[in-house]
Amino acid sequence: MTTLIPEKKYKNTQKTKDRFISIFIGFFALAWLFPIAWTIWSSLRPYNDVIANGVFSVPDTLNLDNYINAIRLMKLPMYLTNSLLITIPAVILTLGFGSLIAFVVSRYSFKFNVALLLFFTAGNLLPQQLVFIPLFKMYLSIGDFFGNRALLYDSILGVVLIHVAFQLGFATFVLSSFLKTIPKEISESAMVDGASVWVHFTKIILPLLRPPLASLAVLMSTWIYNDFFWALVLMKSDSKRPITSALARLQGEFVTDFNLLAAGAIVAALPTLIVFFVLRKQFVSGLTVGSTKG
Amino acid sequence: MTTTATNTPVRRRRSFSRKDRLTLSAFVGIPTAFHILLVWVPAIGTIGLSFTFWTGIRISDIKWAGFQNYNNIFTGTPVFWDAIWHNIIWLLWFGLIATPLGILLAYQIDRKIRGHRFYESAFFVPVVLSLAVTGIIWNFMLQPGGFVQGIMGRDISNPISIYGNYDINTYVILGIASWRHIGYIMLLYLSGLKSVDPSLKEAAAIDGATEWQTFRKVILPTMKPVNIIIIVITVIDSLRAFDIVYMIYGSSTGWPILGILVFQNISGGGMSMKGAAYAVILFALCIGPMIAYLKQSFTEDVK
């Protein structure tokens, strides 16, 4: 009986403490969201209104004019399309290549298995800047070789390929660690049945890989969509750029109408925000498979 | 002759048909060749080029330079040391403030305090935004006529310069970077915490351990793999930092940092191999954490 009392007391102080902690973190959570909320709020009112009446004035008009104008003046649909044209093929290719390597590495024991995985993972960690100069030259000469300078440099294809090459490391790493957790007996029965490697891969391994592939697809779409370094250095025509690199330039051009720019930034953020809130589970698990293994 | 030569090693492992062997080599070969060609060949190329003089136009113009580019950077370019200093401050800030805050948050949210689901999302939202968007949002907050200036009592005709003020701009940039980094660390740590056996925590609580003791003596040691990954991510991200500074200062050296110095020297009109040397220095600084990461991820496999 005597032990019950301090425990109860402990629980009560813990409860008050938790309430305090919760309020404290809650305050920060709101502060965290505030810049986004403020940007959205401001994007709903005309910039002239802010200039005339001050930042904290109560607006007399709230409308979507900034969005309509941003979409029209900044050609956002064009940039968004470019973003999709880069992101979707890049994600599909990365996951396809990644599954192939993960399959071979985890189902057939060759001497160079670990070395191969190490090599891909290390490649993923290299600074992008280390790769740029020769890559740029390579893109130009490959283009010249095929008689079309814009084959890889200043083209969507070139940006897609470098994204695939870079992200392949992470995808391979995640997929092979997943496959290692799956008993090999499943594969062995296929081999006994005399299935070819191709059938083994497409009929047995690919369906098994569905959950990590879904997570990776969500995660990589976000990363590739958000990146702006490659498009910035590998494209010179503005009309081919994805929306994130375009924003870097639009920022200078629309400096006189910040609320319009705010609307543009919100439009650019929408796809990733929607993906995050709808596919949160996949997003989180994709991010964590790679980091918590071992 | 050829068939026996290729068949013997194969039979020792498993009986692959010729078709299977072809498929397997294609499965590994194509992606690997692709990766080597686009990532490793250029990376090694850059290391080679950093020892040359070249403007990046004709291959025949490449001239051997020895260590002159590095010499020039180390002794003749004061902005390099400014950049290194900024990278170090960035690293210290992330390491001592932002990352521990992210861990603390993860720990509290993992205890399922009231509203934990909402908090988790709130802190994570900045991580899914592109740094281009983050840059615009914060430029928007800090610009003349923006929220922060308004709070400080500066209206649009009477603004102060925040990014141009050398007393505060470092903290402002690090604050913006932390806005993203804390949520990222929180989520990584949170996923690690979820895999910690809850009975461990209960046992500690029954033994009368305080929360701090539980965290230090029970949670931290069991989380060793995640701890290493998080340290490595913190270091590599601090060294590779580029996007957010670019969104604020463009390619100018308003607030020099290694990533920007590389960019300045390799893109646009004037390419010089000083840029390659900068990139190699950046890479050299990343090697340590890269090895730590690989070691952590592959210890099991190598054994």
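The values are calculated or read from the model by the stated rules, or taken from the named source; none is laboratory data. All values derive from a computational prediction rather than experimental measurement. With ideal geometry, Cβ positions are generated from the backbone for all residues, glycine too; neighbour counts draw on all protein chains shown.
Brief remarks on what is shown
Let's see how each residue does on (1) within 11 Å of chain A (Cβ to nearest Cβ); (2) in a helix (DSSP H, G or I); (3) of a type in the set (Lys, Arg):
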position: B:Lys217; (1), (2), (3): no, yes, yes
position: B:Gly254; (1), (2), (3): no, no, no
position: B:Asn265; (1), (2), (3): yes, yes, no
position: B:Ala279; (1), (2), (3): yes, yes, no
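- Among (1) touching a Gly at 6+ places or on another chain (Cβ under 9 Å); (2) at pLDDT 85 or above; (3) in a loop (DSSP other than H, G, I, E, B), the one test that B:Gly66 misses: (1)
- When segment B:132-145 is filtered for residues that are crowded, with 23+ Cβ neighbours inside 10 Å, more than 7 Å from every other protein chain (Cβ to nearest Cβ) and not polar (S, T, N, Q), only B:Gly135 remains.
- The residues listed here are B:Val79, B:Val39; of these, the one that is touching a Gly at 6+ places or on another chain (Cβ under 6 Å) and either in contact (Cβ under 8 Å) with a residue 12 or more places away in the chain or of a type in the set (Val, Ile, Thr) (or both) is B:Val39.
- The residue pairs whose first member lies in segment B:169-193 and is aromatic (Phe, Trp, Tyr), whose second member is not in a helix (DSSP H, G or I), and whose beta carbons are closer than 9 Å, counting only pairs six or more residues apart or on different chains, are B:Tyr189/B:Met223.
- Number of positions in segment A:212-249 that are in a helix (DSSP H, G or I) and more than 9 Å from every other protein chain (Cβ to nearest Cβ): 19
- Meets criteria (more than 16 Å from A:Tyr108 (Cβ to Cβ), small (Gly, Ala, Ser) and in contact (Cβ under 8 Å) with a residue 24 or more places away in the chain) for A:Ser215: yes
- Of the listed requirements (1) at the interface with another protein chain (Cβ under 8 Å from one of its Cβ atoms); (2) within 19 Å of A:Tyr67 (Cβ to Cβ); (3) crowded, with 20+ Cβ neighbours inside 10 Å, A:Phe283 misses just one: (2).
- Count - residues of segment A:174-204 that are more than 8 Å from chain B (Cβ to nearest Cβ), among the hydrophobic types (A, V, I, L, M, F, W, C) and surrounded by 23 or more Cβ atoms within 10 Å (Cβ to Cβ): 2
- Residue count for segment A:137-173, restricted to those that are buried (at least 23 other Cβ atoms within 10 Å of the Cβ) and either more than 16 Å from B:Leu38 (Cα to Cα) or facing another protein chain (nearest Cβ under 9 Å) (or both): 9.
- Residue ID - farthest from the chain's Cα centre (by Cα), chosen from residues in segment B:147-171 that are surrounded by 16 or more Cβ atoms within 10 Å (Cβ to Cβ) and at the interface with chain A (Cβ under 7 Å from one of its Cβ atoms): B:Ile156
- Failed item, numbered, when B:Pro256 is tested on (1) modelled with pLDDT of 90 or more; (2) under 14 Å from the mean Cα position of the chain (by Cα): (2)
- In segment B:15-42, residue modelled with the lowest pLDDT [restricted to those that are under 19 Å from A:Ile205 (Cα atoms), buried (at least 16 other Cβ atoms within 10 Å of the Cβ) and at the interface with another protein chain (Cβ under 7 Å from one of its Cβ atoms)]: B:Asp20
- Residue satisfying all of: in segment A:111-154; part of a loop (DSSP other than H, G, I, E, B) and charged (D, E, K, R); modelled with the lowest pLDDT among these: A:Lys111
- Yes/no for B:Phe67 being aromatic (Phe, Trp, Tyr) and in contact with a helix residue (DSSP H, G or I) (Cβ under 7 Å, 6 or more places away or on another chain): no
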